[in-house]
Amino acid sequence: MKNITLIILTIFFVSCQTKMAVIKQNDKYGLIDAKGEIVVKPQWDYILGENEGFYPVELDSLWGYIDRKGKVIIEPQYWDADFFDEGYACVGNSDKYGFINRTGDTIIDLIYDESFGSFSKGLADVTLNDSCGYIDKEGKVIIPLIYETCYPFLSDLAVVWTFEGEQKLINKKGETFEYVEEKHKDKKLWSLNTYPGAFKTENGRGRLNTKGDTIIPPNYLSTGNLSDGMHIIQAKNKKWGAYDEKGNLVIEPQFDDLWHFYEGVANFSLSGKYGFVNKKGKIVIEPKFDYASQFKNGLAYVELEGKAGFIDKNGSVVIPIVYEPYRMTRFE
């Protein structure tokens, strides 16, 4: 019962956390909340997005970490720094990389030449002398550094490339084997299954569903992965539209560009202006912005006349369009 209560409280805490976004002003970076209140004054040379409650920040070419309130948790001291994952972050100094914990203690010495990121499923890929393998959270080499390229474990399997140019699957015991679609198609694998169901004929590109049925005929220049129940497509006239997951052409190709659907809508461009369309093909926000990104937690980043802000799904400006453009930002 205590465990159940703890899980409920954790979910409640996470769901109630204030959503924040990075803003840029006077060439410095800070954070605002969804009400537009400045939580962290623009004082940093750069702020990356948040993960596990920490933001990597840069000041005078050195990287450290702040929390969601802007408190400096780890003083800027590294030449490079990545996001926290599973309680650890990859940092670099003097072209060597290692791992720190949330209090800034060096857990794994900075001895490696590179890491794809931090830990995933308990292991991190590391490179030394142009060869890569995997280590655990104690720094022990679990899979020898004998591969040319190593991708993170997204499940109990990962993808590696040998120096002979072969792509293999590898498990946490270091055993390698060939990818078999029927056996591994449901596994999360970095760099494999990038375009599930995609196929190509002489006439164009199409898509299959998980049952193998053709839901998008091979008549298109491009088909997008399923996102929020929709596939975007590019017709041979270079215009973009969308199919639903049942194979219905819901949005006729009409836009100059169309991005994946999120939170029920997709951002599009038409004649140099950006707006939003819903999954029924209705334009819900007219194309009046110079740029617009996808919605995240009910707000979307937009640009107008060289300035940036945020709108809601009614198209109303929620965060004034007064900041300097920074297209990587979102509320999270």
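Computed quantities for the displayed model
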{"item": "Qualifying strands (runs of 3 or more DSSP E) (wholly inside the range 256-332; at least 3 residues being open to solvent by 40 Å² or more (accessible area, probe 1.4 Å), under 22 Å from residue 35 (Cα atoms) and at pLDDT 95 or above)", "result": "317-323"}
{"item": "Residue within the range 175-187 that is in contact (Cβ under 8 Å) with a residue 12 or more places away in the chain and of a type in the set (D, E, K, R) present", "result": "yes"}
{"item": "Hey, residue 228 modelled with pLDDT of 95 or more, surrounded by 14 or more Cβ atoms within 10 Å (Cβ to Cβ) and under 27 Å from residue 203 (Cβ atoms) or not", "result": "no"}
{"item": "Among (1) touching a residue at least 24 places away in the same chain (Cβ under 8 Å); (2) within 25 Å of residue 196 (Cβ to Cβ); (3) not hydrophobic (A, V, I, L, M, F, W, C), the one test that residue 86 misses", "result": "(2)"}
{"item": "The range 144-179, residues that are aromatic (Phe, Trp, Tyr), buried (at least 16 other Cβ atoms within 10 Å of the Cβ) and over 24 Å from the mean Cα position of the chain (by Cα)", "result": "147, 179"}
{"item": "Scope the range 175-186; condition assigned to a loop (DSSP other than H, G, I, E, B) and modelled with pLDDT under 85; matching residues", "result": "185, 186"}
{"item": "Residues (open to solvent by 30 Å² or more (accessible area, probe 1.4 Å), among the hydrophobic types (A, V, I, L, M, F, W, C) and outside any loop (DSSP other than H, G, I, E, B)) located in the range 100-122", "result": "107, 110, 111"}
{"item": "Test: residue in the range 65-75 that is among the aliphatic types (A, V, I, L, M) and within 20 Å of residue 109 (Cβ to Cβ)", "result": "yes"}
{"item": "Hits in the range 68-85 (condition: assigned to a strand (DSSP E or B), of a type in the set (D, E, K, R) and open to solvent by 50 Å² or more (accessible area, probe 1.4 Å))", "result": "75, 80, 85"}
{"item": "Conditions (1) polar (S, T, N, Q); (2) open to solvent by less than 30 Å² (accessible area, probe 1.4 Å); (3) over 19 Å from the mean Cα position of the chain (by Cα); (4) more than 27 Å from residue 77 (Cβ to Cβ); number of the one not met by residue 127", "result": "(4)"}
{"item": "Near pairs, Cβ below 9 angstrom, 6+ apart or cross-chain, from the range 237-253 (at positive phi) to any residue that is surrounded by fewer than 21 Cβ atoms within 10 Å (Cβ to Cβ)", "result": "238/221; 238/253; 238/256; 247/209; 247/213; 247/214; 247/215; 247/217"}
{"item": "Only listed residue being open to solvent by 20 Å² or more (accessible area, probe 1.4 Å), within 22 Å of the chain's Cα centre (by Cα) and under 17 Å from residue 56 (Cβ atoms), chosen from 88, 97", "result": "88"}
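The values are calculated or read from the model by the stated rules, or taken from the named source; none is laboratory data. Model, not experiment: these values are computed from the prediction. Glycine gets a Cβ as well: all are built from the backbone with ideal geometry, and neighbour counts include every protein chain shown. Calculation scope for accessible area: heavy atoms of the full protein, side chains included, ligands and nucleic acids excluded. Shrake-Rupley method; radii C 1.70, N 1.55, O 1.52, S 1.80 Å.
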